[in-house]
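Here is the structure we will look at.
No value in this document is a laboratory result; all are computed from the given coordinates. Keep in mind the model is a prediction, meaning the values are calculated, not measured. A quick note on method: Cβ atoms are made from the backbone with ideal geometry, for glycine too, and the neighbour counts reach across all protein chains shown.
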C-alpha cells in the first residue's frame, strides 16, 4: 500500500499530465509490439512488451479508480443544504426524512426539536393536509414503543397561559409515551428566531418564524454529520439550562412543574406579583 499511496500522491499532483504520460507509454509499447512482429524478433521480446503494456494499463485503472473514490468521499463529506420556500415544502421534507429513517433497520431514531419561536398569541394553524400529516407522524414517533421506537425531546418558549394549557393538553394525550420529554422556557417576547429540529444523525431542519402562526413559514434543511453534531451540542446546552421547566419527563407530565411555569407566565404580565 505505501507504493500505491506514492503513486496516488503523484497522480493527484500531476493530474491530466499523468494521464497523458500513461497514454503515451501505452501507445509506444503498442507500436513496439507491432515493430517486433514485423521484423520477426524472438517471441520473448513481444511477450515482455505485452507485459509492460498490461502493467501500464493496470496502473492507470487503479489510479483512476482511486481518484473516483476520493472524489466521492469528498462529495459525501460536504454537508448539503436544501432551501424550502414554503411551509408545505418544509414540512413535506421533514415527513419524508422521518419516514425514511423509520424504515431503516438499526438507525438512530431521534427527534430533538426546539420550538422557541412560538411565543405570544398566534392564530390557529392554517388549513393544510401537509401540516396534518406532519402532526400525525410526529405523534406516532412520540408514542412509539418497543423495538424501533423513537426518542423525542422538545423545547418550547411559552409566554401565555392559553399556550401553556394547549401544550399541556397535547402532552396529556401522549401520557403513555415511553421515551419522550418536554421542557419549557418562560421568557418574554423577543425577536423572531429559527426553529431547529434534528432528525436522526444527519438531518437538520431550520424553520423561519411566522409571526401569525405557531408553525414556521419556510426554512431550509442541512444533511451532514458535522452540522447535525454542532446543532446537537447547542441544543444540549439549552436542554440543560437552569431556566427550563421540566414539564414532561419519561415518567409523565409533572403537574408541579406546570404550575411553576404558570406562575412564571403570570409574572411576565404582572411582575409585582409574587410567584
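Counting DSSP beta bridges in region 79-269, what percent are antiparallel, to the nearest 5?
Working: 24 of 37 bridges.
So the antiparallel bridges amount to about 65 percent of the total.
Determine, at each q value in 0.11, 0.12, 0.20, 0.22 (inverse angstroms), the log₁₀ of I(q)/I(0) that the Debye formula gives when each Cα of region 153-258 is one equal point scatterer.
Taken in order of the listed q values, log10 I(q)/I(0) reads -0.38, -0.46, -1.24, -1.37.
Assuming R0 = 30 Å, what is the FRET efficiency of residue 268 and residue 240, from their Cβ-Cβ distance, to the nearest 0.05? Provide the component values of the computation, followed by the final result.
Details: r = 23 Å, r/R0 = 0.76.
Approximately 0.85, to the nearest 0.05.
What's the extension gain from residue 132 to residue 249 if we count 0.36 nm per residue and subtract their Cα-Cα distance?
Working: separation 117, 0.36 × 117 = 42.12 nm, distance 2.56 nm.
Gain on extension, residue 132 to residue 249, equals 39.6 nm.
At 0.36 nm per residue, and after removing the present C-alpha to C-alpha distance, how many nm does the segment from residue 147 to residue 226 gain when stretched out fully?
25.7 nm
For a paramagnetic label modelled at 7 Å from the Cα of residue 187 toward its Cβ, which residues of region 92-135 fall within the zone defined by backbone nitrogen distances under 16 Å?
Answer for region 92-135: 113-120.
Testing the spin-label approximation: label points 7 Å from Cα along Cα→Cβ at residue 121 and residue 106. State their distance in nm.
Result: 5.4 nm between the two label points.
By average Cβ neighbour count within 10 Å, what is the ranking of 157-165, 94-102 from highest down?
Working: 157-165: 18.3, 94-102: 16.7.
Packing proxy ranking, top to bottom: 157-165, 94-102.
Using the beta-carbon distance between residue 96 and residue 212 and R0 = 30 Å, what value does 1/(1 + (r/R0)^6) give for FRET efficiency, to the nearest 0.05?
Numbers: r = 26 Å, r/R0 = 0.86.
That pair, residue 96 with residue 212, gives E of 0.70.
Could you give the C-alpha radius of gyration of region 79-269 expressed as a fraction of 2.2 N^0.38 Å, taking N as the number of residues it contains? Don't jump to the answer; show the numbers that get you there.
Working: Rg = 16.0 Å, N = 191, 2.2 N^0.38 = 16.2 Å.
Rounded to two decimals, the normalised Rg is 0.99.
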